[in-house]
Amino acid sequence: MQSPAMSLITLGLNHKTTPLELREKLAFTPQNLREALNSLVKVSGISEAAILSTCNRTELYCALHAENHADQSTVNSDDQQLIEWFSSFHGLKAAELRGHLYIHGHKQTIRHAMEVASGLDSMILGEPQIAGQMKQAYITASHEGTIGQLLSRLFQHSFSVAKQVRTDTAIGSSPVSVAFAATSLARQIFGDLNDSTAMMIGAGETIELAARHLQSQQMKNIIVANRSLERAQTLAQEFDGQAINLQHIGDFLHQADIVIASTASPLPILGKGTVERALKKRKHAPIFMVDLAVPRDIEPEVASLDDIYLYSVDDLQEVINENLQNRQQAAEQAHEIIDEKVEHYLDWQRSLVAVDVISELRSCAMDFSDQVLQKSLKQLTAGQNPEDILTYLAHTLTNKFLHQPCTELRKAGEEERHDLIQAARRLFIDKSPGRKNN
């Protein structure tokens, strides 16, 4: 049973507070995460621990045997121990982390966990991947036995909040990455994409992300065109697609319903003449084109061709900016949900104070019942009148249950402890099943 005096604390850093080169040094790997968890719970004062480590954040969620972390804004001795452990584990000095860490006390830790799970603290507002990463952090900590009642409840509560935020708000409904925006526009033009072919020009991170979005829509075929055929082949294999060299784009362009380009070429790769020839082979079936490159990969004149839908990165940015505004409005609704759920968690934690008392009260009542029942059974076996035995049972139980409360209430009256007297009335009289309504 957890002590209700325990409190929560979060020590962390993220993309807003720490540059990439330092985040890399302070990340936990799957290989050392279990070792870290078991080491962390051995730090003085820490009873529970979970670690969330992604490319954009590293956070330690801990339960402490302390009552002074309600909402502190200054670093105390317990926090300093945590900082020392964190830096030491990664072979750094605590001074190197100065200015990059944030520390959340009890109530703010509850709020922060819910905001993180809901994607409100992510680099891309509302992104859903973080909830899955938090679940993995919870599973790992559970498997290692470093998570207990307080953190378990916090993570489960956060997952429930994240689900409600995604259900009750539009936080994830509008694309806010160029790759996702490009895919969404393609769906608007073609509807289902399972009979379509996409040509991806380039093989970098943006093209890979766009290909993943297209694959999630059951894209029929993906052609990857890149200056390095080897790199094109590596990416194409991930999507069961086809790899070609850039110089062969003209031979395959007529197969493509969708073209997404993002290379580092200083000059356009796809010209108006090549596109015209492809349209002729397609009998002027439309092609949706997205040029995500700066400088552009597709000649602007291509947009003048009939049956060509060409979007530049600036065109998509307008869509993204509008969608970001939609997400910001949804985020305000999400924060209202979180405000309510933080109080629900605190109500649950406050209720833990009564759990031990309830358990002891029930145990005492059962002891009383067993004593009186055993004596009554002996009387029954001895052949005494059953009606007399039932009367004895009822009176004796009543007297045993009420003796100590009545004694304390008389004492409370003598000491003018009106709060105890009112509490007794509320507990035993006002809501009593035998109480008649006046």
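The values are calculated or read from the model by the stated rules, or taken from the named source; none is laboratory data. Just so you know, these numbers come straight off a predicted model, no measurement behind them. Glycine also receives a Cβ, built like all others from the backbone with ideal geometry; neighbour counts cover every protein chain displayed.
Miscellaneous remarks
- Identity of the residue in region 15-39, farther than 14 Å from THR54 by Cα and aliphatic (A, V, I, L, M), that ends up farthest from the chain's Cα centre (by Cα): ALA36
- Residue check for ARG410: in a helix (DSSP H, G or I), within 30 Å of LEU64 (Cβ to Cβ) and not β-branched (Val, Ile, Thr): no
- Elements of the type helices (runs of 4 or more DSSP H) sitting completely within region 98-180 and holding at least 3 residues that are within 14 Å of ALA331 (Cβ to Cβ), modelled with pLDDT under 95 and in contact with a Pro (Cβ under 9 Å, 6 or more places away or on another chain): there are none.
- Residue within region 191-203 that is in a helix (DSSP H, G or I) and surrounded by fewer than 17 Cβ atoms within 10 Å (Cβ to Cβ) present: no
- Filter result for the condition that a residue is surrounded by 14 or more Cβ atoms within 10 Å (Cβ to Cβ), of a type outside the set (S, T, N, Q), touching a Gly at 6+ places or on another chain (Cβ under 7 Å) and touching a residue at least 12 places away in the same chain (Cβ under 8 Å), over ILE46, ILE9, ILE51: ILE9
- First in region 24-40 and in contact (Cβ under 8 Å) with a residue 40 or more places away in the chain and crowded, with 18+ Cβ neighbours inside 10 Å, second anywhere and in a loop (DSSP other than H, G, I, E, B) and not β-branched (Val, Ile, Thr), Cβ under 7 Å, 6 or more apart: LEU26/HIS90; ALA36/PHE28
- Leading residue by the ranking (farthest from MET123 (Cα to Cα)) among those in region 173-215 that are among the β-branched types (Val, Ile, Thr) and touching a helix residue (DSSP H, G or I) at 6+ places or on another chain (Cβ under 9 Å): THR197
- Any hit, region 178-187, residues being of a type in the set (Lys, Arg), within 30 Å of ALA117 (Cβ to Cβ), within 27 Å of the chain's Cα centre (by Cα) and not assigned by TED's automatic domain parsing to the domain that holds GLU48: no
Matching residues to (1) of a type outside the set (S, T, N, Q); (2) at positive phi; (3) surrounded by 11 or more Cβ atoms within 10 Å (Cβ to Cβ):
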position: GLU301; (1), (2), (3): yes, no, yes
position: SER304; (1), (2), (3): no, no, no
position: ILE308; (1), (2), (3): yes, no, yes
position: SER312; (1), (2), (3): no, no, yes
position: HIS344; (1), (2), (3): yes, no, yes
position: VAL355; (1), (2), (3): yes, no, yes
position: LEU361; (1), (2), (3): yes, no, yes
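- Failed item, numbered, when LYS220 is tested on (1) touching a strand residue (DSSP E or B) at 6+ places or on another chain (Cβ under 9 Å); (2) at pLDDT 80 or above; (3) buried (at least 21 other Cβ atoms within 10 Å of the Cβ): (3)
- Check on PHE86, closer than 18 Å to GLY45 by Cα and either in the same structural domain as PRO30 (by TED's automatic domain parsing) or assigned to a loop (DSSP other than H, G, I, E, B) (or both): yes
- Residues that are over 23 Å from GLY204 (Cβ atoms) and either part of a loop (DSSP other than H, G, I, E, B) or free of Cβ contacts under 8 Å to residues at least 12 places away in the same chain (or both) are absent from region 293-302 altogether.
- Only one entry in SER177, SER173 is buried (at least 17 other Cβ atoms within 10 Å of the Cβ) and polar (S, T, N, Q), namely SER177.
- Being in the same structural domain as PHE288 (by TED's automatic domain parsing), of a type in the set (A, V, I, L, M, F, W, C) and within 33 Å of the chain's Cα centre (by Cα) holds for only one residue in LEU246, LEU229, LEU253, LEU235, and it is LEU235.
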